[in-house]
1. Across the range 27-43, what is the number of residues that are closer than 24 Å to LYS9 by Cβ, of a type outside the set (Gly, Ala, Ser), within 8 Å of the chain's Cα centre (by Cα) and at pLDDT below 80?
2. Being closer than 22 Å to MET117 by Cβ, in contact (Cβ under 8 Å) with a residue 12 or more places away in the chain, surrounded by fewer than 13 Cβ atoms within 10 Å (Cβ to Cβ) and under 17 Å from the mean Cα position of the chain (by Cα) narrows it down to one residue among LYS54, LYS68; which is it?
3. Yes or no: THR77 among the hydroxyl-bearing types (Ser, Thr, Tyr) and surrounded by 17 or more Cβ atoms within 10 Å (Cβ to Cβ)?
4. Take THR46 and decide whether it is out of contact with any Ser or Thr (no Cβ under 8 Å at 6 or more places or on another chain) and exposed (fewer than 12 other Cβ atoms within 10 Å of the Cβ).
5. Restricting attention to the range 84-100, report how many residues are surrounded by fewer than 12 Cβ atoms within 10 Å (Cβ to Cβ) and of a type outside the set (A, V, I, L, M, F, W, C).
6. For the range 28-43, enumerate the residues that are over 19 Å from ILE83 (Cα atoms) and loosely packed, with under 13 Cβ neighbours inside 10 Å.
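The values are calculated or read from the model by the stated rules, or taken from the named source; none is laboratory data. Computed from a predicted structure; not experimentally measured. Neighbour counts run over all protein chains shown; Cβ positions are idealised from the backbone, glycine included.
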Amino acid sequence: ALVKPVKEKKAHMCVGLRDRSWLYNKLSQHLMLISGERALRREVFTRLKPEFKKGFYIEVAMNRYCRKYNLPIMVKTMKGVSIVKKFEKVGWIRSLWGYAKMDTQIVWAYIMTRINM
């Protein structure tokens, strides 16, 4: 489902969002697209600076690259797809630390890609 729009050249990147609530699905299409599931044309990846090819930087950088150059992005809700939440795997305290690190990296990546891309 994610590959088809890219293969048919309808989008340079297609991001898959996990199916949550109707409101969350609608809102998340307009926020930072951080999902871990996407299909994209090779040049979106190869044209990124090496310093953006790590951690959550890569997702933020791919989004920023496509938006900067007005490349079409499609968003698909992946019905029935879910993940095991971090707190279910490692407990509340370790998950809070993990989420704090993740959120910090995402915000920092957003700032750095705005400055350096």
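1. Count: 1.
2. LYS68
3. Against the criterion (among the hydroxyl-bearing types (Ser, Thr, Tyr) and surrounded by 17 or more Cβ atoms within 10 Å (Cβ to Cβ)), THR77 qualifies.
4. So THR46 passes the test.
5. 4
6. Passing the criteria: HIS30, LEU31, ARG42, GLU43.
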